[in-house]
1. Please list 178-184, 149-155, 27-33 highest first by mean number of surrounding beta-carbon atoms within 10 Å per residue.
2. From the C-alpha coordinates alone, can you work out the Kirkwood hydrodynamic radius of segment 3-157, in Å?
3. Spin-label point model (7 Å from Cα, Cβ direction): what's the residue 152 to residue 177 distance in nm?
4. Please give the net charge around residue 99, taking every other residue with its beta carbon less than 10 angstrom from that of residue 99, where Lys and Arg add +1 and Asp and Glu add -1.
5. What does the extension gain come out to for residue 145 and residue 66, with contour length at 0.36 nm per residue minus their alpha carbon separation?
Amino acid sequence: MKVGNKTKLQNIKAEKGENIEPIRVLYMEDDEGEARLFKKKLERKGYSVDLASDGEKGLAMYKAGYHDILVVDQTMPVHSGLDVIKILAAHGSMPPIIMVTGAGDEKIAVDAMKLGAIDYIVKDVEGGYLELLPSTIERALKQHKLGEDKKRAEAALQSSEARLRKIIENNADGIIIVNRDNIVLFTNPAAETLFDCAAEDLVCKPFTLGCLADAITELEIPGNKGKRLVEMNAVETE
């Protein structure tokens with residue numbers, strides 16, 4: 001493939017040293033002439049395009065193969081474009097989808113976006129929408145990638161927080177987290193044992209024992225078994 005025929009997204013992959021196989025597009029369109037024009041236009045831009053003549057065949061092709069993005073026409077036999085999106089949404093994680101509608105069908109486009117389509121394009125009689133397709137597809141793929149990256153980052157953060165919580169909860173030392181107003185936000189089981197009370201008796205309550213930040217302080221802690229002398233190390237985190 002010539003460098004000039006690479007899509008912008010393929011060029012980004014090339015810069016990162018990633019595999020630059022053609023981006024695979026599945027277009028569901030019952031109008032054979034428009035489908036051929038679509039395929040010709042995108043293949044000139046370096047895409048690999050598969051065509052499905054109705055929603056049912058399109059869903060079967062998507063299930064059987066791999067496609068980076070789906071473009072679906074609203075008006076098709078068996079399953080409409082909205083039906084296709086609903087079916088895919090019912091099965092969980094969806095690929096990026098662009099809805100193609102006719103002029104005056106903007107409400108359908110809005111419904112498609114609510115169901116999970118990433119973008120839409122309005123089909124015009126002159127065929128000008130074909131000129132917009134490459135940039136629309138590239139934008140949709142980038143937007144989808146950003147969304148997936150965000151999900152992975154959030155999942156990694158949740159996993160990290162869960163590991164940190166587990167370490168704190170299993171720590172033999174009593175750990176208490178307070179805010180700048182000295183209100184207790186969290187205690188681990190060792191702290192509950194140390195103070196001889198349950199977490200609900202400490203959390204959301206003022207922490208009244210005085211101590212200096214970044215210093216070790218000796219404190220007397222009262223309890224049912226009498227006073228105990230402990231060392232407290234206060235660390236300011238933010």
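What follows is calculated from the coordinates using simple rules that are stated; it is not laboratory data. Values in this document were obtained by computation on a predicted structure and should not be read as measured data. Cβ coordinates were reconstructed from backbone atoms using ideal geometry, including for glycine residues, and neighbour counts include every protein chain displayed.
1. Numbers: 178-184: 11.9, 149-155: 10.1, 27-33: 17.9.
Packing order, densest peptide first, comes out as 27-33, 178-184, 149-155.
2. Working: mean 1/r = 0.0626 Å⁻¹.
It is 16.0 Å.
3. Label-label distance for residue 152 and residue 177, simple model: 2.7 nm.
4. Values: positive: none; negative: 73, 105, 111, 119.
For residues surrounding residue 99, the net value is -4.
5. Details: separation 79, 0.36 × 79 = 28.44 nm, distance 1.63 nm.
Length gained between residue 145 and residue 66: 26.8 nm.
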